[in-house]
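Rule-based calculations on the coordinates, nothing more; no lab input. All figures in this text were calculated on a predicted structure; none of them were measured in a lab.
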Amino acid sequence: MKSGYNLISVEKYREIKPIDRVQLVSQKKIQFLDIEGNMIPTLTAIKDINKHLHR
């Protein structure tokens, strides 16, 4: 079984339907990286993305 990662931008992530984003997060099929490529906690990432959405 092969596994791998696809890197997408925040903008592309936001283009995913909300229900699909929830499924990705709940099934732990998504991880978030900071600008330097270090993994960051899911909740921190989602809060940061949402903060930038409402500007």
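Numbers for the structure displayed
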read-out	value
In degrees, nearest ten, helix 42-53 long axis to first principal axis of the chain (Cα)	40 degrees
Amide hydrogen neighbours beyond the local backbone of residue 40, cut-off 5 Å, H modeled	32, 33, 34
Cα radius of gyration and Dmax for the chain (Å)	11.6, 42
